[in-house]
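Colleague: Structure incoming, see below.
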């Protein structure tokens with residue numbers, strides 16, 4: 001209870017001023033995925049009202065930077081108002097529908113990382129396809145093909161548990177094996193890939209162009225594989241194709257990149273070298289924390305934003 005009260009106080013103007021000296025030097029990079037209008041959306045994300053509350057609070061309390069200011073901000077004196085960069089992964093349509101109008105109203109720049117295949121063909125990122133298949137199948141249970149364990153699908157809780165189990169396993173194996181196991185899982189669920197697409201989930205290139213110049217766009221591979229689960233040639237092809245598609249559609253090569261999944265085990269020094277060779281200047285992970293001066297610019301830390309209260313959000317920005 002005391003911790004909750006302290007966090008709530010931290011979100012206030014006076015509390016924030018008192019708490020700022022406790023913050024490590026560096027930049028808080030916020031990581032969003034979806035901004036939803038409904039709480040019962042199949043794909044979880046932050047609600048529009050909560051996103052508006054967070055962005056309004058940021059605008060009043062912090063210095064919100066554009067990505068091109070990142071390295072200079074790290075080098076400068078970091079005392080005073082905390083610097084924050086707002087980022088979004090994947091390129092979901094709800095960025096255009098729900099997040100961008102709020103960002104534009106508050107004049108907040110952001111950086112969106114695009115998995116470019118899905119701008120081109122309108123499909124679903126594989127993790128979303130697996131989740132949708134498990135949530136929508138009419139089967140009451142399924143025997144998972146990689147371990148022959150039966151998993152119930154009787155209610156939403158069981159389906160969500162199964163979804164998490166499936167994606168956790170599939171993220172941890174080489175990508176060609178992932179593709180094969182995913183296909184077999186869909187067969188056992190009586191789902192064909194076309195059944196899970198439904199309404200368009202991803203941005204179009206026209207929507208992307210309409211949000212510039214306030215929004216900057218970076219790469220997130222072409223088809224969203226975990227790069228450490230690919231051989232070098234395939235990883236290079238994913239990165240190059242992503243860069244080239246963004247360059248063709250927007251006129252400028254992307255300078256920023258985010259690793260799919262983004263944990264420490266999801267990219268390697270070889271991955272970083274490929275990114276540098278393809279002109280990327282900064283690469284963002286999902287490793288949590290405030291990114292500090294002198295640390296690797298190809299493994300930039302970010303803070304996830306699934307906060308239940310504004311006090312929790314203030315604590316997140318503070319790096320506590």
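The values are calculated or read from the model by the stated rules, or taken from the named source; none is laboratory data. Predicted model, so just to flag it, every value in this text is computed and none were measured. Backbone-built Cβ (ideal geometry, glycine too); neighbour counts: all protein chains shown.
Colleague: Among the residues of region 201-211, is any in the same structural domain as residue 248 (by TED's automatic domain parsing) and exposed (fewer than 12 other Cβ atoms within 10 Å of the Cβ)?
Modeller: Within region 201-211 (the criterion being in the same structural domain as residue 248 (by TED's automatic domain parsing) and exposed (fewer than 12 other Cβ atoms within 10 Å of the Cβ)), the answer is yes, since at least one residue qualifies.
Colleague: Of the residues that sit in region 177-195 and are part of a helix (DSSP H, G or I) and out of contact with any helix residue (DSSP H, G or I) (no Cβ under 9 Å at 6 or more places or on another chain), which one is farthest from residue 249 (Cα to Cα)?
Modeller: Filtering region 177-195 for residues part of a helix (DSSP H, G or I) gives 177-188, 193-195.
Filter again for out of contact with any helix residue (DSSP H, G or I) (no Cβ under 9 Å at 6 or more places or on another chain), leaving 180, 184, 187-188, 194.
Details: 180: 32, 184: 35, 187: 36, 188: 39, 194: 26 Å.
Filtering region 177-195 for residues that are part of a helix (DSSP H, G or I) and out of contact with any helix residue (DSSP H, G or I) (no Cβ under 9 Å at 6 or more places or on another chain), the one farthest from residue 249 (Cα to Cα) comes out as 188.
Colleague: Kindly check whether there is at least one residue in region 265-278 that is out of contact with any strand residue (DSSP E or B) (no Cβ under 8 Å at 6 or more places or on another chain), surrounded by fewer than 18 Cβ atoms within 10 Å (Cβ to Cβ) and under 25 Å from residue 305 (Cβ atoms).
Modeller: For region 265-278, residues out of contact with any strand residue (DSSP E or B) (no Cβ under 8 Å at 6 or more places or on another chain), surrounded by fewer than 18 Cβ atoms within 10 Å (Cβ to Cβ) and under 25 Å from residue 305 (Cβ atoms): present.
Colleague: What's the number of the condition residue 71 fails, among (1) modelled with pLDDT under 95; (2) out of contact with any helix residue (DSSP H, G or I) (no Cβ under 9 Å at 6 or more places or on another chain); (3) outside any loop (DSSP other than H, G, I, E, B)?
Modeller: Result: residue 71 fails condition (1) only.
Colleague: Applying the selection to region 122-145, what residues are under 17 Å from residue 190 (Cα atoms), part of a loop (DSSP other than H, G, I, E, B) and in contact (Cβ under 8 Å) with a residue 24 or more places away in the chain?
Modeller: 137, 138, 139, 145 - these are the residues of region 122-145 that are under 17 Å from residue 190 (Cα atoms), part of a loop (DSSP other than H, G, I, E, B) and in contact (Cβ under 8 Å) with a residue 24 or more places away in the chain.
Conditions (1) over 30 Å from residue 318 (Cα atoms); (2) more than 17 Å from the chain's Cα centre (by Cα); (3) in the same structural domain as residue 101 (by TED's automatic domain parsing); (4) at pLDDT 95 or above, marked per residue:
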residue: 242; (1), (2), (3), (4): yes, no, yes, yes
residue: 256; (1), (2), (3), (4): no, no, yes, yes
residue: 262; (1), (2), (3), (4): no, no, yes, yes
residue: 276; (1), (2), (3), (4): yes, yes, yes, yes
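Colleague: A further question follows. Hey, any hits in region 200-217 for a residue that's closer than 17 Å to residue 283 by Cβ and in contact (Cβ under 8 Å) with a residue 12 or more places away in the chain?
Modeller: The answer is yes, given that some residue of region 200-217 is closer than 17 Å to residue 283 by Cβ and in contact (Cβ under 8 Å) with a residue 12 or more places away in the chain.
Colleague: Take residue 153 and tell me if it is within 16 Å of residue 185 (Cβ to Cβ) and modelled with pLDDT under 95.
Modeller: Numbers: within 16 Å of residue 185 (Cβ to Cβ): yes; modelled with pLDDT under 95: no.
Criteria not met by residue 153.
Colleague: Would you be able to say whether some residue in region 106-117 is within 23 Å of residue 259 (Cα to Cα), under 18 Å from the mean Cα position of the chain (by Cα) and either outside the structural domain of residue 272 (by TED's automatic domain parsing) or without any contact (Cβ under 8 Å) to a residue 40 or more places away in the chain (or both)? Quick ask: steps written out before the conclusion?
Modeller: Step one: filter region 106-117 for residues within 23 Å of residue 259 (Cα to Cα), giving 109-117.
Next, from what is left, pick out any that are under 18 Å from the mean Cα position of the chain (by Cα): 109-117.
Next, only the ones that are either outside the structural domain of residue 272 (by TED's automatic domain parsing) or without any contact (Cβ under 8 Å) to a residue 40 or more places away in the chain (or both) stay: none.
No, region 106-117 contains no residue that is within 23 Å of residue 259 (Cα to Cα), under 18 Å from the mean Cα position of the chain (by Cα) and either outside the structural domain of residue 272 (by TED's automatic domain parsing) or without any contact (Cβ under 8 Å) to a residue 40 or more places away in the chain (or both).
Colleague: Here are some conditions: (1) surrounded by fewer than 20 Cβ atoms within 10 Å (Cβ to Cβ); (2) farther than 15 Å from residue 29 by Cβ. Residue 314 meets all but one. Which one does it not meet?
Modeller: All conditions pass for residue 314, except number (1).
Colleague: Taking into account only those residues within region 116-150 that are touching a strand residue (DSSP E or B) at 6+ places or on another chain (Cβ under 7 Å) and under 25 Å from residue 225 (Cβ atoms), which is surrounded by the most Cβ atoms within 10 Å (Cβ to Cβ)?
Modeller: 118
Colleague: Only one of these conditions is not met by residue 42: (1) at pLDDT 70 or above; (2) touching a helix residue (DSSP H, G or I) at 6+ places or on another chain (Cβ under 7 Å); (3) in the same structural domain as residue 220 (by TED's automatic domain parsing). Which number is it?
Modeller: Tallying (1) at pLDDT 70 or above; (2) touching a helix residue (DSSP H, G or I) at 6+ places or on another chain (Cβ under 7 Å); (3) in the same structural domain as residue 220 (by TED's automatic domain parsing), residue 42 fails exactly one: (1).
Colleague: Moving on to the next point. Does residue 51 qualify as being touching a residue at least 24 places away in the same chain (Cβ under 8 Å), under 14 Å from the mean Cα position of the chain (by Cα) and surrounded by 19 or more Cβ atoms within 10 Å (Cβ to Cβ)?
Modeller: It is false that residue 51 is touching a residue at least 24 places away in the same chain (Cβ under 8 Å), under 14 Å from the mean Cα position of the chain (by Cα) and surrounded by 19 or more Cβ atoms within 10 Å (Cβ to Cβ).
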